[in-house]
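Worksheet: the structure to be examined is printed underneath.
The values are calculated or read from the model by the stated rules, or taken from the named source; none is laboratory data. Please read all numbers here as calculations on a predicted model, not as lab measurements. So basically every Cβ, Gly included, is an ideal-geometry build from the backbone, and we count neighbours across all protein chains shown.
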Amino acid sequence: MIIRKALVEDSEAITELLMLASGEVIYRFIGEKNFPKAVDFLLHFVKSQNNQYSFQNCHVAVDKDKILGALLAYDGSKLQELRKPVLEYIQEHFNPNLVVEDETQAGEYYFDSIGVRLNQQGKGIGSKLLQYVIQKQGVENSRTLGLLVDKTNPEAKRLYLKLGFESVGEKNLLGMSLEHLQLKGPNR
């Protein structure tokens, strides 16, 4: 298995994996639990550039030319810039009054979503993706890494704690109460 930066041609596989990880957020964006509509919405942004969900912000785990996992992450200081096209699209096509809280901020490299194919879960793929980006961004670039974890997902939280993340508080996102975890870079 190799881990590499995503390519635009990976967009459909990335969309499928991000729906596993963030489907509830996408449903709240479009205002209904409509899987095909949610996939179309997300794919539109994954295959586009310069937005929060772009393939440009993804790393993928690949084995025998098959994408097994994807990790979406970006510099928290760019949240507003990256989110702007997404919010404009939502407000034009779905909900003109939607307000979305900030899930990250400057000074944090944010792990937005991580998804692993259902038939590949439990094989360490998610851990390897996380460790790869932790090494690249946290260690080599001495950045503080951050993520939000659903309080109803203790297995994910255990994994993040095992990798060195620590709880730093709570955040609300679209009516969901999430735990904010961070991993400080070596010089932080």
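So Asn51 ticks every box in (1) in contact with a strand residue (DSSP E or B) (Cβ under 8 Å, 6 or more places away or on another chain); (2) closer than 28 Å to Leu181 by Cα but one. Which box is left unticked?
Against the list (1) in contact with a strand residue (DSSP E or B) (Cβ under 8 Å, 6 or more places away or on another chain); (2) closer than 28 Å to Leu181 by Cα, Asn51 comes up short only on (1).
For Leu183, state whether it is touching a helix residue (DSSP H, G or I) at 6+ places or on another chain (Cβ under 8 Å), over 28 Å from Glu32 (Cα atoms) and among the aliphatic types (A, V, I, L, M).
So Leu183 fits the description; yes.
Only residues that are of a type in the set (Gly, Ala, Ser), buried (at least 19 other Cβ atoms within 10 Å of the Cβ) and out of contact with any strand residue (DSSP E or B) (no Cβ under 9 Å at 6 or more places or on another chain): list them for the stretch 12-38, please.
Passing the criteria: only Ala38.
Could you say which residue among Ser113, Ser127 is over 22 Å from Gln56 (Cβ atoms), surrounded by 14 or more Cβ atoms within 10 Å (Cβ to Cβ) and either touching a helix residue (DSSP H, G or I) at 6+ places or on another chain (Cβ under 8 Å) or modelled with pLDDT of 95 or more (or both)?
After ruling out the rest, the residue left standing is Ser127.
Answer yes if at least one residue in the stretch 88-103 is of a type in the set (A, V, I, L, M), surrounded by 12 or more Cβ atoms within 10 Å (Cβ to Cβ) and modelled with pLDDT of 95 or more, and no otherwise.
yes
Pick from the stretch 98-127 the residues that are of a type outside the set (Gly, Ala, Ser) and in a helix (DSSP H, G or I): which of them is nearest to the chain's Cα centre (by Cα)?
Taking the candidates together, the pick is Ile125.
Among the listed residues Lys47, Lys84, identify the single one that is under 30 Å from Gln120 (Cβ atoms), more than 12 Å from the chain's Cα centre (by Cα) and either crowded, with 17+ Cβ neighbours inside 10 Å or not acidic (Asp, Glu) (or both).
Lys47
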